[in-house]
Amino acid sequence: MEEELDVREVLATGKGLDELIVRASYDREILDEVIKYLDDDLWIVQKNALIVIMNVIEEYEELIDPLVRKLLVMVRKSEAVPLTLEIARTIGLISKIKPELIQGMVPVILANYRIGDPKIRINMAYIIEEIMRNNPRLLGNIVREIASMLTSPDEMDRLVALNFISALADNHTRYVTPFLPRLLSLLYDRNEIVRVSVVETLTGLALKNPKFRKIIKAKLQELDDRSEIVMEKVREGLTKIALAESEEGGEAADQASTPP
């Protein structure tokens, strides 16, 4: 006979979470109890409930649609970044499991991003990033939106656009090729935080795509920013790029020395 679980205690402490996931995978009553804690007052309980649900959701496909609708309500209210990130990761994962469902929600997500208050915009940005990482084709015309954000007078728009581009690159760097000229010009943005962020974004692109690496490396090498914070990021970026080149050179040498 299985020991009785105090579901909320597990969700509040995180102790026994693996066992709860196993139990929820075959016991619908346990899962239903976990689901009700998505409305708990503590964000950590909500977050851990979501972790359990997402580990078993493919066993209960009929729950995916109502879950997504619930998450879009939760994310508008969420003030805890860890919970918001978990909601975003969940929607990103579902975009691969049931892409047609998320595609139908994309207009709502984008509308909330465009016209929401600052908190809602930030939360929706996390969701958009995760969809970009998992299934960017669902976002349709988002490329035009990012291009517009990169030239926005609002520094927050420019920063969010950089995050979106990094997320797209996690899926495939071909999605970010159209943005490369604008990214390079942002190395001279008037805002220090934007310049720091674009150095980080370009470094990430250089590490993922050797075709981008030469031009990005050259631009970083010639940069002489008045901000020591920016220059520290540049030095870090060049070090990472040099390490990547060294590792790839070593792999190429090993392959060349291996007899056919």
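The values are calculated or read from the model by the stated rules, or taken from the named source; none is laboratory data. Predicted model only: the values in this text are computed from it and were never measured. Counting neighbours? That spans all protein chains shown, and the Cβs are built from the backbone with ideal geometry, glycine included.
Odds and ends about this structure:
- So GLU19, is it free of Cβ contacts under 8 Å to residues at least 60 places away in the same chain, surrounded by fewer than 16 Cβ atoms within 10 Å (Cβ to Cβ) and within 24 Å of GLU129 (Cα to Cα): no
- Within segment 219-238, residues that are assigned by TED's automatic domain parsing to the domain that holds LEU187 have Cβ atoms under 9 Å from residues that are aromatic (Phe, Trp, Tyr) in these pairs: LEU223/TYR188; ASP225/TYR188, counting only partners at least 6 apart in sequence or on another chain.
- Hey, LYS70 in a helix (DSSP H, G or I), charged (D, E, K, R), touching a helix residue (DSSP H, G or I) at 6+ places or on another chain (Cβ under 7 Å) and surrounded by 21 or more Cβ atoms within 10 Å (Cβ to Cβ) or not: no
- Flag for ARG182 being touching a Leu at 6+ places or on another chain (Cβ under 6 Å) and either under 28 Å from LYS96 (Cα atoms) or buried (at least 16 other Cβ atoms within 10 Å of the Cβ) (or both): yes
- Those residues of segment 131-141 which are modelled with pLDDT of 85 or more, part of a helix (DSSP H, G or I) and not aliphatic (A, V, I, L, M), in sequence order: ARG133, ASN134
- Helices (runs of 4 or more DSSP H) enclosed by segment 142-210 - at least 1 residues per element that are more than 21 Å from GLU232 (Cα to Cα) and among the polar types (S, T, N, Q): 142-150, 155-171
- Segment 110-130, subset buried (at least 19 other Cβ atoms within 10 Å of the Cβ) and hydrophobic (A, V, I, L, M, F, W, C), residue modelled with the highest pLDDT: ILE127
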